[in-house]
Amino acid sequence: MATLADPTPDFATLPDMAADVFTAPLAKPAHVGADWLEPAQTAYTSEDDAVWNDLFARQMEILPGRACSAFLAGLEKLDLGRGGVPEFGVLSEELGALTGWSVVPVPMLIPDHVFFWHLANRRFPAGNFIRTRETFDYIEEPDVFHDVFGHVPMLTDPTYADYMQEYGRAGWKAMRYNRLKALGALYWYTVEFGLIEEAEGVHAYGAGILSGPAEARFAVEAQSPNRIMLNVDRVMRTDYVISDLQPTYFVIESFADLYRQTVERDFDRLYRSLPAGFTYANSAVIDVDNVLHRGTQEYHLRGGRGSGAVPV
Ligand SMILES: [Fe+2]
(Lines give C-alpha, C1' and ligand atoms only; values in the text may rest on other atoms or scores of the structure.)
Protein backbone atom coordinates (compact mmCIF):
# COMPACT_ATOMS: atom_id res chain seq x y z
CA MET A 1 0.00 0.00 0.00
CA ALA A 2 1.14 3.54 -0.70
CA THR A 3 2.32 5.58 2.26
CA LEU A 4 2.92 9.23 2.99
CA ALA A 5 6.65 8.66 2.70
CA ASP A 6 6.16 7.52 -0.89
CA PRO A 7 6.73 10.61 -3.07
CA THR A 8 4.14 9.47 -5.62
CA PRO A 9 1.34 7.51 -3.95
CA ASP A 10 -1.21 6.34 -6.53
CA PHE A 11 -4.17 7.36 -4.31
CA ALA A 12 -6.24 4.35 -5.42
CA THR A 13 -6.64 3.56 -1.73
CA LEU A 14 -6.28 5.99 1.17
CA PRO A 15 -2.52 6.18 1.83
CA ASP A 16 -1.31 5.51 5.38
CA MET A 17 -0.52 8.55 7.49
CA ALA A 18 2.91 8.63 9.10
CA ALA A 19 2.66 8.87 12.89
CA ASP A 20 4.65 12.12 13.07
CA VAL A 21 2.38 14.07 10.66
CA PHE A 22 0.10 16.53 12.38
CA THR A 23 -3.41 17.17 11.10
CA ALA A 24 -6.25 18.74 13.07
CA PRO A 25 -7.89 16.11 15.30
CA LEU A 26 -11.52 15.54 14.36
CA ALA A 27 -13.85 13.04 16.03
CA LYS A 28 -15.20 10.72 13.36
CA PRO A 29 -18.91 9.96 13.70
CA ALA A 30 -19.48 6.24 14.29
CA HIS A 31 -21.56 5.74 11.14
CA VAL A 32 -18.85 6.76 8.63
CA GLY A 33 -15.78 4.73 7.62
CA ALA A 34 -12.18 5.77 7.02
CA ASP A 35 -13.28 7.62 3.87
CA TRP A 36 -15.67 9.77 5.95
CA LEU A 37 -18.40 9.36 3.30
CA GLU A 38 -22.04 9.32 4.30
CA PRO A 39 -23.77 6.12 3.11
CA ALA A 40 -26.40 8.33 1.42
CA GLN A 41 -27.24 11.99 0.96
CA THR A 42 -29.70 13.45 3.49
CA ALA A 43 -33.41 13.29 2.63
CA TYR A 44 -34.12 17.03 2.64
CA THR A 45 -37.42 18.45 3.83
CA SER A 46 -39.49 20.90 1.79
CA GLU A 47 -38.20 23.65 4.12
CA ASP A 48 -34.60 22.61 3.32
CA ASP A 49 -35.40 22.86 -0.39
CA ALA A 50 -37.01 26.26 0.19
CA VAL A 51 -33.86 27.48 1.99
CA TRP A 52 -31.78 26.36 -1.01
CA ASN A 53 -34.14 28.12 -3.44
CA ASP A 54 -34.04 31.36 -1.44
CA LEU A 55 -30.26 31.29 -1.12
CA PHE A 56 -29.98 30.60 -4.84
CA ALA A 57 -32.31 33.46 -5.74
CA ARG A 58 -30.43 35.88 -3.50
CA GLN A 59 -27.05 35.02 -5.01
CA MET A 60 -28.42 35.35 -8.53
CA GLU A 61 -29.36 38.94 -7.74
CA ILE A 62 -25.78 39.68 -6.76
CA LEU A 63 -23.52 37.55 -8.95
CA PRO A 64 -24.07 38.62 -12.56
CA GLY A 65 -21.27 41.07 -13.36
CA ARG A 66 -19.32 39.94 -10.29
CA ALA A 67 -18.88 36.18 -10.72
CA CYS A 68 -16.45 34.97 -13.39
CA SER A 69 -17.78 33.60 -16.65
CA ALA A 70 -16.66 30.00 -15.91
CA PHE A 71 -18.74 29.97 -12.72
CA LEU A 72 -21.88 31.36 -14.38
CA ALA A 73 -21.47 28.90 -17.27
CA GLY A 74 -21.04 26.04 -14.76
CA LEU A 75 -24.25 27.00 -12.95
CA GLU A 76 -26.10 26.73 -16.26
CA LYS A 77 -24.44 23.53 -17.42
CA LEU A 78 -25.41 21.83 -14.15
CA ASP A 79 -28.78 23.56 -13.93
CA LEU A 80 -28.31 24.22 -10.22
CA GLY A 81 -31.36 26.44 -10.17
CA ARG A 82 -33.76 23.65 -11.14
CA GLY A 83 -35.26 23.82 -7.64
CA GLY A 84 -34.35 22.30 -4.26
CA VAL A 85 -31.07 20.88 -3.00
CA PRO A 86 -29.43 19.06 -5.94
CA GLU A 87 -29.19 15.27 -5.82
CA PHE A 88 -25.51 14.37 -5.72
CA GLY A 89 -26.06 11.28 -7.89
CA VAL A 90 -27.58 13.32 -10.74
CA LEU A 91 -25.05 16.09 -10.29
CA SER A 92 -22.16 13.63 -10.37
CA GLU A 93 -23.39 12.09 -13.61
CA GLU A 94 -23.59 15.48 -15.28
CA LEU A 95 -20.31 16.72 -13.86
CA GLY A 96 -18.65 13.38 -14.61
CA ALA A 97 -19.57 13.70 -18.28
CA LEU A 98 -17.96 17.16 -18.39
CA THR A 99 -14.73 16.78 -16.39
CA GLY A 100 -14.78 13.39 -14.62
CA TRP A 101 -15.54 14.84 -11.17
CA SER A 102 -18.19 13.62 -8.74
CA VAL A 103 -19.78 15.11 -5.61
CA VAL A 104 -19.88 12.94 -2.48
CA PRO A 105 -21.67 13.61 0.83
CA VAL A 106 -19.75 14.06 4.09
CA PRO A 107 -21.17 14.81 7.56
CA MET A 108 -18.96 17.80 8.46
CA LEU A 109 -15.47 19.14 7.92
CA ILE A 110 -13.27 16.12 7.30
CA PRO A 111 -9.57 15.54 8.10
CA ASP A 112 -7.10 17.13 5.69
CA HIS A 113 -5.56 13.88 4.48
CA VAL A 114 -8.96 12.38 3.65
CA PHE A 115 -10.07 15.59 1.91
CA PHE A 116 -6.87 15.62 -0.17
CA TRP A 117 -7.34 11.94 -1.05
CA HIS A 118 -10.86 12.56 -2.37
CA LEU A 119 -9.68 15.55 -4.44
CA ALA A 120 -6.82 13.48 -5.85
CA ASN A 121 -9.52 11.07 -7.10
CA ARG A 122 -11.68 13.87 -8.54
CA ARG A 123 -14.30 13.50 -5.81
CA PHE A 124 -15.53 16.70 -4.19
CA PRO A 125 -16.68 16.14 -0.57
CA ALA A 126 -19.76 18.29 0.10
CA GLY A 127 -21.47 18.99 3.42
CA ASN A 128 -24.66 16.96 3.72
CA PHE A 129 -26.64 19.41 5.83
CA ILE A 130 -28.18 22.76 4.88
CA ARG A 131 -28.31 25.86 7.07
CA THR A 132 -31.52 27.07 8.71
CA ARG A 133 -33.28 30.44 8.47
CA GLU A 134 -31.53 31.42 11.74
CA THR A 135 -28.10 30.99 10.14
CA PHE A 136 -29.16 32.12 6.65
CA ASP A 137 -26.49 34.83 6.25
CA TYR A 138 -23.47 33.30 7.92
CA ILE A 139 -22.44 29.78 8.89
CA GLU A 140 -19.19 28.59 10.44
CA GLU A 141 -19.12 25.10 8.92
CA PRO A 142 -19.57 24.75 5.17
CA ASP A 143 -23.03 23.40 4.32
CA VAL A 144 -24.40 21.96 1.10
CA PHE A 145 -25.16 25.42 -0.29
CA HIS A 146 -21.61 26.68 0.19
CA ASP A 147 -20.10 23.44 -1.10
CA VAL A 148 -22.37 22.75 -4.07
CA PHE A 149 -23.37 26.25 -5.19
CA GLY A 150 -19.98 27.79 -4.36
CA HIS A 151 -17.53 25.09 -5.45
CA VAL A 152 -19.12 22.67 -7.90
CA PRO A 153 -19.83 24.99 -10.89
CA MET A 154 -16.10 25.75 -11.12
CA LEU A 155 -15.39 22.02 -11.48
CA THR A 156 -17.00 22.18 -14.95
CA ASP A 157 -13.97 24.18 -16.14
CA PRO A 158 -11.40 21.62 -17.38
CA THR A 159 -8.29 23.54 -16.27
CA TYR A 160 -9.72 24.41 -12.87
CA ALA A 161 -10.87 20.79 -12.48
CA ASP A 162 -7.28 19.64 -13.07
CA TYR A 163 -5.97 22.25 -10.60
CA MET A 164 -8.26 20.90 -7.87
CA GLN A 165 -7.09 17.33 -8.44
CA GLU A 166 -3.45 18.42 -8.31
CA TYR A 167 -4.17 20.40 -5.16
CA GLY A 168 -5.25 17.14 -3.52
CA ARG A 169 -2.03 15.44 -4.59
CA ALA A 170 -0.05 18.45 -3.36
CA GLY A 171 -1.67 18.11 0.05
CA TRP A 172 0.15 14.87 0.69
CA LYS A 173 3.44 16.50 -0.19
CA ALA A 174 2.73 19.46 2.12
CA MET A 175 2.07 17.05 4.98
CA ARG A 176 5.43 15.38 4.34
CA TYR A 177 7.13 18.77 4.81
CA ASN A 178 4.81 19.88 7.64
CA ARG A 179 3.75 22.91 5.57
CA LEU A 180 -0.03 22.39 5.57
CA LYS A 181 -0.63 25.93 6.79
CA ALA A 182 1.15 27.32 3.75
CA LEU A 183 -0.81 25.12 1.35
CA GLY A 184 -3.97 26.06 3.27
CA ALA A 185 -3.26 29.73 2.53
CA LEU A 186 -3.03 28.91 -1.18
CA TYR A 187 -6.44 27.18 -0.99
CA TRP A 188 -7.88 30.11 0.89
CA TYR A 189 -6.66 32.76 -1.54
CA THR A 190 -7.55 30.78 -4.68
CA VAL A 191 -10.31 28.18 -4.22
CA GLU A 192 -12.20 30.10 -1.50
CA PHE A 193 -11.45 33.78 -2.18
CA GLY A 194 -9.83 33.97 -5.60
CA LEU A 195 -10.41 36.71 -8.19
CA ILE A 196 -9.67 36.52 -11.92
CA GLU A 197 -9.03 39.21 -14.52
CA GLU A 198 -11.57 39.07 -17.33
CA ALA A 199 -12.20 41.38 -20.28
CA GLU A 200 -14.90 43.28 -18.34
CA GLY A 201 -12.79 43.59 -15.18
CA VAL A 202 -11.92 41.60 -12.08
CA HIS A 203 -14.48 38.90 -11.21
CA ALA A 204 -14.76 36.26 -8.49
CA TYR A 205 -14.14 32.53 -8.78
CA GLY A 206 -13.65 31.69 -5.06
CA ALA A 207 -16.48 29.73 -3.42
CA GLY A 208 -16.34 31.75 -0.19
CA ILE A 209 -17.10 34.88 -2.20
CA LEU A 210 -19.71 33.34 -4.49
CA SER A 211 -21.80 31.60 -1.83
CA GLY A 212 -22.31 34.55 0.56
CA PRO A 213 -24.34 37.76 0.37
CA ALA A 214 -21.76 40.43 1.21
CA GLU A 215 -18.41 39.35 -0.10
CA ALA A 216 -19.05 39.47 -3.87
CA ARG A 217 -19.60 43.23 -3.83
CA PHE A 218 -16.80 43.78 -1.33
CA ALA A 219 -14.22 41.63 -3.13
CA VAL A 220 -14.93 43.00 -6.59
CA GLU A 221 -15.89 46.66 -5.98
CA ALA A 222 -15.12 47.96 -2.48
CA GLN A 223 -12.27 50.40 -1.79
CA SER A 224 -11.19 48.70 1.48
CA PRO A 225 -9.44 45.51 0.32
CA ASN A 226 -6.16 45.16 -1.55
CA ARG A 227 -6.28 43.40 -4.91
CA ILE A 228 -2.89 41.96 -5.79
CA MET A 229 -1.79 39.67 -8.62
CA LEU A 230 -1.25 36.11 -7.37
CA ASN A 231 2.33 35.20 -6.52
CA VAL A 232 2.45 31.72 -5.01
CA ASP A 233 5.59 32.23 -2.90
CA ARG A 234 4.07 35.35 -1.37
CA VAL A 235 0.57 33.89 -0.84
CA MET A 236 1.90 30.81 0.94
CA ARG A 237 3.54 33.12 3.47
CA THR A 238 0.39 35.20 4.07
CA ASP A 239 -2.01 34.96 7.01
CA TYR A 240 -5.77 35.07 6.41
CA VAL A 241 -9.03 35.93 8.17
CA ILE A 242 -11.49 33.10 8.78
CA SER A 243 -14.54 34.86 10.19
CA ASP A 244 -14.72 38.16 8.32
CA LEU A 245 -14.34 39.67 4.86
CA GLN A 246 -10.77 39.46 3.51
CA PRO A 247 -8.43 42.48 3.77
CA THR A 248 -6.62 41.26 0.63
CA TYR A 249 -7.65 39.32 -2.48
CA PHE A 250 -5.25 37.77 -4.98
CA VAL A 251 -6.01 37.91 -8.68
CA ILE A 252 -5.08 35.43 -11.42
CA GLU A 253 -4.75 36.16 -15.14
CA SER A 254 -6.47 32.92 -16.14
CA PHE A 255 -6.93 29.38 -14.86
CA ALA A 256 -4.04 28.32 -17.08
CA ASP A 257 -1.94 30.92 -15.20
CA LEU A 258 -3.06 29.44 -11.86
CA TYR A 259 -2.16 25.95 -13.07
CA ARG A 260 1.26 27.09 -14.33
CA GLN A 261 2.09 28.92 -11.10
CA THR A 262 1.25 25.94 -8.92
CA VAL A 263 1.20 22.53 -10.56
CA GLU A 264 4.05 23.25 -12.94
CA ARG A 265 6.60 24.17 -10.32
CA ASP A 266 8.81 22.40 -7.84
CA PHE A 267 7.01 22.57 -4.50
CA ASP A 268 9.72 20.50 -2.76
CA ARG A 269 12.11 23.42 -3.12
CA LEU A 270 9.43 25.88 -2.08
CA TYR A 271 8.51 23.90 1.07
CA ARG A 272 12.16 23.68 2.08
CA SER A 273 12.40 27.48 1.91
CA LEU A 274 9.11 28.26 3.71
CA PRO A 275 9.08 29.13 7.42
CA ALA A 276 6.72 27.11 9.63
CA GLY A 277 4.45 30.11 10.31
CA PHE A 278 3.19 33.04 8.25
CA THR A 279 5.47 36.00 7.46
CA TYR A 280 2.99 38.58 6.15
CA ALA A 281 -0.08 40.05 7.80
CA ASN A 282 -3.32 39.62 5.83
CA SER A 283 -3.56 43.36 5.04
CA ALA A 284 0.12 43.86 4.11
CA VAL A 285 1.30 45.19 0.75
CA ILE A 286 4.95 44.27 0.18
CA ASP A 287 7.60 45.41 -2.28
CA VAL A 288 7.31 42.39 -4.61
CA ASP A 289 3.54 42.86 -5.05
CA ASN A 290 1.97 43.65 -8.40
CA VAL A 291 -0.86 45.75 -6.98
CA LEU A 292 -4.09 46.28 -8.94
CA HIS A 293 -5.78 48.20 -6.13
CA ARG A 294 -4.23 49.33 -2.86
CA GLY A 295 -7.05 49.11 -0.34
CA THR A 296 -7.96 51.79 2.18
CA GLN A 297 -8.64 49.01 4.76
CA GLU A 298 -11.38 51.30 6.08
CA TYR A 299 -13.74 48.39 6.83
CA HIS A 300 -11.20 46.53 8.97
CA LEU A 301 -9.87 49.74 10.57
CA ARG A 302 -13.42 50.44 11.74
CA GLY A 303 -13.53 47.05 13.44
CA GLY A 304 -14.92 44.74 10.77
CA ARG A 305 -17.88 42.42 11.23
CA GLY A 306 -18.07 42.59 15.03
CA SER A 307 -18.40 46.39 15.02
CA GLY A 308 -21.11 46.60 12.39
CA ALA A 309 -18.76 48.49 10.04
CA VAL A 310 -20.13 49.00 6.52
CA PRO A 311 -18.19 46.92 3.97
CA VAL A 312 -17.06 49.77 1.72
FE1 LIG B 1 -15.31 25.97 0.71
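The values are calculated or read from the model by the stated rules, or taken from the named source; none is laboratory data. What you are looking at is a predicted structure, and each value in this text was computed from that prediction instead of being measured. SASA here: full protein model, heavy atoms, side chains in, ligands and nucleic acids out. Shrake-Rupley method; radii C 1.70, N 1.55, O 1.52, S 1.80 Å.
Before moving on, here are some points about what is shown:
- D (Stokes-Einstein, µm²/s), Kirkwood Cα radius, the range 1-114, 1.567 mPa s at 4 °C: 75 µm²/s
- Sorting Leu180, Leu186 by solvent-accessible area of protein heavy atoms yields Leu180, Leu186, largest first, with a 1.4 Å probe.
- A simple rule links phi to the HN-Hα coupling: the Karplus curve 6.51 cos²θ - 1.76 cosθ + 1.60 with θ = phi - 60°, which for the range 136-144 gives 4, 8, 8, 10, 7, 9, x, 9, 5 Hz, with x for Gly and Pro.
- Close amide H pairs (under 5 Å, H built 1.01 Å from N) link Leu292 with Arg227, Ile228, Met229, residues at least 5 positions away or on another chain.
- Once Rg and the Kirkwood radius are both taken over the C-alpha atoms of the range 144-231, their ratio Rg/Rh works out to 0.99.
- Counting DSSP beta bridges with both ends in the range 62-217, the antiparallel % (nearest 5): 40 percent
- Length-normalised contact order of the range 163-251 in % [C-alpha pairs under 8 Å, at least 6 apart]: 29 percent
- Taking a straight Cα-Cα cut-off under 23 Å and skipping sequence neighbours fewer than 8 places away in the same chain, the lysines within cross-link reach of Lys28 are Lys181.
- The range 54-167: Rg to Rh, with Rh as the Kirkwood radius over Cα pairs: 0.94
- Taking the alpha carbon gyration tensor of the range 154-312, multiplying each eigenvalue by 5 and rooting it gives semi-axes of 25, 18, 14 Å, largest first.
- Residue-by-residue Karplus 3J(HN,Hα) for the range 153-168, coefficients 6.51, -1.76, 1.60, Hz, glycine and proline x: x, 5, 6, 7, 7, x, 6, 5, 4, 5, 4, 5, 5, 5, 4, x
- Antiparallel bridges, percent of DSSP beta bridges restricted to the chain (to nearest 5): 30 percent
- Computed from the C-alpha gyration tensor, the three semi-axes of the ellipsoid equivalent to the range 122-186 are 26, 17, 9 Å, from longest to shortest.
- Amide hydrogen proximity for Gly304: with H placed 1.01 Å from N in the peptide plane, the residues at 5 or more positions away or on another chain lying under 5 Å are Ala309.
- Alpha-carbon Rg/Rh ratio, for the chain, with Rh computed the Kirkwood way: 0.94
- Residues Arg82, Arg227, Arg179, Arg272, ordered by accessible area of protein heavy atoms at a 1.4 angstrom probe radius and largest first, appear as Arg272, Arg82, Arg179, Arg227.
- Mean sequence separation of contacting Cα pairs (under 8 Å, at least six apart), scaled by the length of the chain, corresponds to a relative contact order of 17 percent.
- Within the same chain, aspartates and glutamates fewer than 8 places from Lys173 are excluded, and of the rest, those with a Cα less than 20 Å from its Cα are Asp6, Asp10, Asp16, Asp20, Asp35, Asp112, Asp162, Asp233, Glu264, Asp266, Asp268.
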